[in-house]
Amino acid sequence: MIKLCVNIDHVATIREARKTIEPSPMDAATEACLGGADGITLHIREDRRHVQDEDLFQLRKSIHVPLNLELAATPDMIALALISKPDMAMFVPEGRNEVTTEGGLDVIKEIDRLSQMLLELHEAGIRTSAFVDANNKQIDATLTSGFSVCEIHTGPFAESVIRNDFSLQHPEVQIERDKVQAAVRHALEIGLQCNAGHGLTHHNVSAIASISNISELHIGHSIVSRSVFVGMQSSVREMKNNIKDAMHE
């Protein structure tokens with residue numbers, strides 16, 4: 001069964017819109033776990049636009065499922081990871097003007113700098129992952145750098161679904177799915193654990209969940225959006241069921 005790690009960033013986005021105390025990311029994580037989440041993911045951005053450091057420390061103390069911290073490859077973020085000790089640190093590219101992550105990490109370009117940062121995290125017993133595009137050269141560089149996990153960027157697939165009237169059978173959508181499938185296959189062949197995420201929804205997740213040997217899906221915005229209408233537990237449970245159904249088709 002593919003594990004579902006629920007990203008709770010956008011619960012904090014709602015809170016920060018008013019700079020108040022609710023809704024609580026801690027409560028969201030608790031409800032997500034009650035709905036069947038296998039892990040919790042959060043991204044602390046350098047500008048702290050949604051999740052705050054204190055959210056991370058509270059979650060580290062309170063939740064009983066693996067905690068995945070997404071972070072930019074900067075000394076300050078590495079220091080935060082070393083203090084908080086998440087179960088996994090996932091390196092993502094980050095731009096101040098972007099609304100959300102716009103592409104995979106350029107591991108090839110940053111390989112020397114990343115390798116040094118990874119040594120610090122490995123010495124602290126923290127697993128590391130790289131968020132990369134479905135590109136074999138980037139995946140190879142991920143292994144060379146010292147990462148043990150890669151997460152394939154599914155954004156291009158998700159965007160193609162929207163462009164083509166939400167059809168999962170459209171040729172362009174199939175092409176983007178095939179790119180993800182080929183990337184997953186390559187990652188496994190060279191010995192990396194392979195996860196996937198970005199832009200996945202209750203509607204489109206079946207196409208990715210049906211790919212063999214993905215270990216984890218990291219999904220946030222769609223789950224939080226759906227929870228506005230049905231609650232966090234139900235939203236997570238629906239996503240888990242959609243993943244399970246896709247794996248057994």
Quiz item: Restricting the search to the range 40-52, which residues are surrounded by fewer than 21 Cβ atoms within 10 Å (Cβ to Cβ) and of a type outside the set (Asp, Glu)?
Solution: ARG45, ARG48, ARG49, GLN52
Quiz prompt | Residues being among the β-branched types (Val, Ile, Thr) and either in contact with a Phe, Trp or Tyr (Cβ under 7 Å, 6 or more places away or on another chain) or surrounded by 20 or more Cβ atoms within 10 Å (Cβ to Cβ) (or both) - total across the range 120-138 | solution = 2
Quiz item: Which residue pairs have Cβ atoms closer than 9 Å, lie 6 or more positions apart in sequence or on different chains, and pair a first residue in the range 70-96 that is free of Cβ contacts under 8 Å to residues at least 60 places away in the same chain with a second residue that is loosely packed, with under 15 Cβ neighbours inside 10 Å and among the hydroxyl-bearing types (Ser, Thr, Tyr)?
Solution: GLU94/THR74
Quiz item: Within the range 7-58, how many residues are touching a Pro at 6+ places or on another chain (Cβ under 7 Å) and in a helix (DSSP H, G or I)?
Solution: 5
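I need a count of the residues in the range 102-150 that are of a type outside the set (Val, Ile, Thr) and in contact (Cβ under 8 Å) with a residue 60 or more places away in the chain.
Of the residues in the range 102-150, the ones of a type outside the set (Val, Ile, Thr) are 102-106, 109-110, 112-125, 127, 129-131, 133-138, 140-141, 143, 145-148, 150.
From what's left, in contact (Cβ under 8 Å) with a residue 60 or more places away in the chain: 129, 131.
Going through the range 102-150 one residue at a time, the tally reaches 2.
For every residue, the table says whether it meets (1) of a type in the set (A, V, I, L, M); (2) surrounded by 16 or more Cβ atoms within 10 Å (Cβ to Cβ); (3) at negative phi.
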{"site": "LEU114", "(1), (2), (3)": "yes, yes, yes"}
{"site": "PRO156", "(1), (2), (3)": "no, yes, yes"}
{"site": "GLU159", "(1), (2), (3)": "no, no, yes"}
{"site": "SER167", "(1), (2), (3)": "no, no, yes"}
{"site": "ILE175", "(1), (2), (3)": "yes, no, yes"}
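No lab work stands behind these numbers, since they all come straight from the coordinates. Remember, it's a predicted structure, so these values are computed and weren't measured experimentally. Backbone-built Cβ (ideal geometry, glycine too); neighbour counts: all protein chains shown.
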